[in-house]
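Right, one structure below, let's go through it.
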Amino acid sequence: MSSASSSVRRIAATILTAGAIVSAAALPAAAADGDRHHQQRHPRVEISRVQADSPGREDRSNRSLNNEWVEITNTTRDGINLRGWTLRDREGNRYRFDNVRLAGRATIRIHTGNGRDTRTDLFQDRRNYVWDNGSDTATLRDDRGRTVDTESWGRRR
């Protein structure tokens with residue numbers, strides 16, 4: 001009888017050990033779910049639309065340059081200050097946001113040419129096109145240099 005009870009104890013110990021291992025493995029997964037939920041409460045800003053190919057003649061006029069733009073949208077209810085954030089193309093052309101507050105559920109359009117900044121439109125004040133019509137990537141980074149969103153189009157040559 002002692003060998004039978006010894007076997008039962010070993011089996012029970014094995015089952016308890018396996019249960020403890022499974023529980024320990026599930027704990028980090030539960031913590032990660034909590035982190036994911038926490039991250040969703042932070043403002044979510046994204047590149048929502050890109051007009052890389054200016055309609056009409058591309059004659060480098062200010063009108064044509066301003067018909068090339070990128071839209072940035074805040075998808076949350078909370079406003080966010082974009083100060084220090086950057087928008088770049090694949091070649092490294094960079095636009096740096098000044099003290100720009102993007103309201104909750106709002107969109108702002110960043111034009112390539114010259115103009116007067118408003119609540120809904122910002123201007124890079126450039127004299128040349130930034131976005132490649134056939135293929136490019138727009139990258140939005142926060143004030144710490146972390147990539148927030150990217151939007152690519154066309155085929156890379």
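The table below lists the values:
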quantity: Residues (within 18 Å of Glu68 (Cβ to Cβ), out of contact with any Gly (no Cβ under 8 Å at 6 or more places or on another chain) and part of a strand (DSSP E or B)) located in region 99-149; calculated: Thr107, Ile108, Arg109, Ile110, His111, Leu122, Thr137, Ala138, Thr139, Leu140
quantity: Selection from region 49-82 of residues that are open to solvent by less than 30 Å² (accessible area, probe 1.4 Å), part of a strand (DSSP E or B) and within 20 Å of Trp153 (Cα to Cα); calculated: Trp69, Val70, Glu71, Ile72, Thr73
quantity: Odd one out for Pro43 among (1) at pLDDT below 95; (2) touching an Asp or Glu at 6+ places or on another chain (Cβ under 8 Å); (3) open to solvent by 80 Å² or more (accessible area, probe 1.4 Å); calculated: (3)
quantity: Qualifying position, being surrounded by fewer than 16 Cβ atoms within 10 Å (Cβ to Cβ), touching a residue at least 12 places away in the same chain (Cβ under 8 Å) and over 16 Å from the mean Cα position of the chain (by Cα), among Arg116, Arg105, Arg94, Arg101; calculated: Arg101
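The values are calculated or read from the model by the stated rules, or taken from the named source; none is laboratory data. What you see is a predicted model; the values in this text were computed from it and never measured. In this analysis, Cβ positions are derived from the backbone assuming ideal geometry, glycine residues included, and neighbour counts consider all displayed protein chains. Just so you know, the surface numbers come from the protein's heavy atoms only, side chains and all, with ligands and any DNA or RNA stripped out. Shrake-Rupley method; radii C 1.70, N 1.55, O 1.52, S 1.80 Å.
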